[in-house]
Each structure stands twice: as structure tokens, then as C-alpha cells.
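Please read the structure below before turning to the comments.
A short reminder: the numbers here are calculations on the coordinates, not readings from a lab. Bear in mind the structure is a predicted one, so any value in this text is a computation, not a measurement. Positions of Cβ are backbone-derived with ideal geometry, glycine not excepted, and every protein chain shown enters the neighbour counts.
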Ligand code: FDA
């Protein structure tokens, strides 16, 4: 049953027509638990609230199904406006983005040109941009682009997924670039040809890469709600004397709120990933697929 729900949410999240329909009707079905709003103004309000509670943020303007150059430029423009709004409001937030929304599937050149514009603007504000990692089909090209941009910019980071077999080698290679990495388990449905099918193997690989990157002396964002992974990281940094400013914990908006707050109380840096925008449906479906138990939460909101 759980597998069935998982597949259903993953398929719905990729459906263009479902996304289009959802966009028309606005934030529904309890999606506002996971998405801060549809406008920049609403997202900045959410950042302010989190900052007041000692948490920093990474804002993500949601954009899915970009298939024309005009759409990609529009999406890049929203990233620029988000950076402007962060600076103007004086809130503590950087930016996360998906390169497919900047035209990665149209051409590498278009995506690079949008990325350079965004990184230039971020640099102007002394801000940082994180490239989210998408499905396996985009992994190599994303890393190639990151490598190229890293030669020009020091305010750019990327995400690495523990479920991929290739990841351990990627961590080794990225060490040379002193990469600022967000390490995650991985959110997409991947073939066992490229990714560990068993959760226990993903968790073990996750611990391995956290250890490798931290002991390599590089900045590491451990992005997980898994209490065991968080405990593992805390013990590791304590035992190895890794300074508090070499790592941070990251969690998603609306998930494990108490855990986020308790880490702040313990003195750790906690960054919340706050998505916003009219394209909320795909993101919402991925969160449900991660944890089909959330479906009860959705049903409650439909019949409320
Ligand atoms: P796991 O899935 O084992 O969950 C541990 C516990 O966390 C669960 O038992 C539950 O209590 C809670 N939990 C997890 N997900 C939940 C949900 N949706 N609703 C409610 N509770 C939930 N992936 C990717 O492929 N590319 C990326 O760029 C990113 N970026 C990213 C940024 C940030 C800040 C985070 C936190 C995560 C990502 N991810 C991601 C997603 C990541 O790959 C992964 O799918 C999720 O974080 C779920 O895995 P956990 O590590 O939380 O562990």
C-alpha cells in the first residue's frame, strides 16, 4: 500500500496537467504546511519568523516544467528578485535553485548564462546560491556545470545524494574544489542500476559521505530529518573536534519543527529550506511520496 501511494505521488508530481490545474486553484490540500506561500512577500514573512526563532533559511522559488527559453529567463528573473528581496528585507537567507528551471533541458549555455547572472547578483549582496540536485539523468551535467562555475565563483554550492552508487567518488573529486556541499539521502525514484534500493544501504552511505566531507575539512550541510543521522553527525563533530562553523543542519519547512528548534537550543546552526511560488504542486507531491503517512494530513485538509 505504501509503495502504491509513493508511486502515485511521484507520478502525479511529474504530471504536467495536474501541476497546471493545481496552479490555477492556488495552495490547497494542506500544501501550506510545506510551502510558505505563492508570493515573494509571503516567503519573506516566513523567513522573518524563522530568523526570529534563531533559524536561518534557504529560499527556493518553485519552478517546474520549464520548456522554453522565455520560461527559463522568467524563472531566473524570479531568482534575482528573490535575492533582491532578501537583501532589501535584511533577513538571513540564501537561495536554492533547480537548474532545470533555468533551462538546463534546453541548453547548457542558456542555463550557464542564467546561473552567472544569479551568481553575480548574489555576490553583489554577499550571498550564496545552492544548486539542488535533481534526478539521475541530470546528475553528471549538474556536476559539470558546478565545476565550471566553481572556477569563477566561491558563493556557489551543490547537493550530493547518498542513494547513488557514484556518490563516494563524487565526494572525493569535489574535495579538490573545496566544495560547499549539502548532503541528502535523495528524493527521486531511481533504478537499482544507479542507486541503492535498500534504505539501510543509503543510510550507511550517507554516514560515510558525511564523515568523508567533514574530515576533509570542507563545509557540510547535513540535510536530513533522520534523528539517527543527526545524532551520528553530532557525535562525529564532537569526537573529531570539528568546529561549529564548518557545518549546519538543514531541514524542510514544516517538517520536524520540534527537532529544528531543539537543535537551535543546543547551539547548532539550523537552516530551513523554504519553498514558495505558484508551482507548488510537484514539490508537495514529492514530500507526500517521501512519507505517505502524510496522506492522512491531506485528507484531513480536504474534508475540513
Ligand atoms: P528519512 O526519509 O529516513 O526520514 C526520517 C524521518 O524524517 C521520518 O521518519 C519522518 O519522521 C521525517 N520525515 C522525512 N520526510 C518527511 C516528510 N516528507 N514529511 C514528514 N516527515 C518527514 N533531495 C534531493 O534529491 N535533492 C535535493 O536537492 C534535496 N534537497 C534537500 C534539502 C533539504 C534542506 C532537505 C532536508 C532535504 C532535501 N532533499 C533533497 C530531500 C532528501 O533527499 C530526502 O528525500 C528527505 O530529506 C527525506 O530524507 P531524510 O533524510 O529526512 O530521512
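At-a-glance table
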read-out: Residues 64, 258 arranged by fewest to most Cβ contacts within 10 Å; value: 258, 64
read-out: With 20 Å bins from 0: P(r) over the chain, alpha-carbon pairs, percent; value: 33, 63, 4
read-out: Antiparallel %, DSSP beta bridges [both residues in the chain], to 5; value: 5 percent
read-out: Sequence-separation-based contact order of the stretch 152-224, relative, with Cα cut under 8 Å and 6+ spacing, percent; value: 40 percent
read-out: Order of 279, 203, 144 - criterion: other Cβ atoms within 10 Å of each residue's Cβ, fewest first; value: 144, 203, 279
read-out: Spatial separation of Cα centroids for the stretch 71-149 and the stretch 184-236, in angstrom; value: 24 Å
read-out: Per residue convex hull volume, Cα atoms of the stretch 36-163, in Å³; value: 114 Å³
read-out: Computed over the stretch 149-212, Kirkwood Rh from alpha-carbon pairs, angstrom; value: 12.3 Å
read-out: Cβ-based exposure ranking for 50, 59, 259, in which fewest neighbours within 10 Å come first; value: 259, 50, 59
read-out: Mean separation of Cα contacts under 8 Å, 6 or more apart, over the residue count of the stretch 36-279: relative contact order %; value: 23 percent
read-out: Length-normalised contact order for the stretch 52-127 - Cα pairs under 8 Å, 6+ apart - percent; value: 37 percent
